[in-house]
Amino acid sequence: MSDKITIAVSKGRIYDEAVPLLAKLGIVLIDDPNKSRKLILDTNQANIKILIIRATDVPTYVERGAAELGIAGKDVLMEYSGDSLYEPVDLGIAKCRMMLAGLKDAKPVTDRPRVVTKYTNITRNYFADRGQQVEIIKLYGSMELGPVLGLSDWIVDLVDTGNTLKANGLVTLDHIADISSRLIVNKAAMKMKNALIKPIITQLSDIVENNGS
Ligand code: ATP
Ligand code: PRP
């Protein structure tokens, strides 16, 4: 059995909040993704590497065993269609809310409101649960522009401070889910590399329970 562990993380918010958590486990990054173009980063532990990939790709790498562990937002996991990942720890980082939002002074919506989102599966399930017909339009960013430019009636997107909604004249209409990032684990690795992975899960759970200390 190989004793190597690769942890898939996305650059940006999750990386920034994950680094201090990993340091508490004694895993310290040697390379800095903000200064280097390397995508596989070395740590102070020879058998532990950090993979820097797109946030939405993290579940794919972990489910297929290209990385044993990953850190992914609950939004990405809810949207992901695979079902063979363990999700043992809510790390309580990159917290925000998945919200339905619309223009502040919107006219009443039509029979089949249009919704822009990059979360098409979450949006489809949310409206199906309510028995409401909608037209879902996929965008990859700046969803807030949808209602402003008449592309849609509503958006489904992440909200943290609410500044982006407010700056674009939008208000929240419904709370869909609370979001935070989770540790995810490849199922086969959980069995085959349990001696390495179990202590990481236990220590991360302890750190999170003690509010990061
Ligand atoms: P990519 O740049 O690869 O398209 P992304 O834009 O979703 O991905 P980030 O903006 O870094 O990447 O978001 C990563 C994760 O952080 C999201 O999946 C979500 O869980 C969380 N997140 C996104 N926006 C916010 C926010 N405004 N506040 C807090 N957490 C957020
Ligand atoms: C996210 C999200 C919102 C914004 C919400 O975008 O898609 O636009 O944050 O945060 P707020 O409520 O604190 O304003 P992000 O900054 O990640 O930009 P991008 O996904 O479009 O790159």
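The values are calculated or read from the model by the stated rules, or taken from the named source; none is laboratory data. A quick note: this is a predicted structure, and the numbers were derived from the prediction, not measured. Quick reminder, even Gly has a Cβ in these numbers, built from the backbone with ideal geometry, and neighbours come from all protein chains shown. SASA here: full protein model, heavy atoms, side chains in, ligands and nucleic acids out. Shrake-Rupley method; radii C 1.70, N 1.55, O 1.52, S 1.80 Å.
Per-structure values
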item	result
Mean projected area in nm² (Cα convex hull; one quarter of hull surface) for the chain	13.0 nm²
For the stretch 143-159 versus the stretch 1-62, the gap between their alpha-carbon centres in whole angstrom	33 Å
Net +/- balance of residues flanking D105 in space, Cβ distance below 15 Å, scoring K and R +1, D and E -1	+2
Nearest-20 debye value, the stretch 96-178 charge dipole, Cβ charges on Lys, Arg, Asp, Glu	140 debye
The stretch 96-178, accessible surface, carbon-and-sulfur percent (1.4 angstrom probe)	48 percent
Dipole magnitude of the stretch 1-74 about its Cα centre (Cβ charges: Lys, Arg +1; Asp, Glu -1), debye to nearest 20	180 debye
Beta bridges per DSSP with both ends in the stretch 96-178, % antiparallel, nearest 5	65 percent
For the stretch 96-178: Kirkwood Rh in Å [reciprocal of mean 1/r, alpha carbons]	12.5 Å
Gain on full stretching of the segment that runs from I137 to N211 - 0.36 nm per residue minus C-alpha separation	22.8 nm
Dipole moment magnitude, nearest 20 debye, the chain about Cα centre, only Lys, Arg, Asp, Glu C-beta charged	400 debye
Per-selection Kirkwood Rh - the stretch 42-145 (Cα, Å, 1 d.p.)	16.4 Å
In degrees, nearest ten, helix 194-209 long axis to first principal axis of the chain (Cα)	50 degrees
Local electrostatic count, N168, Cβ distance below 14 Å [Lys/Arg +1, Asp/Glu -1]	-1
Of K24/K138; K95/K198; K38/K187; K11/K107; K107/K138, pairs whose Cα-Cα distance is over 29 Å	K24/K138; K11/K107
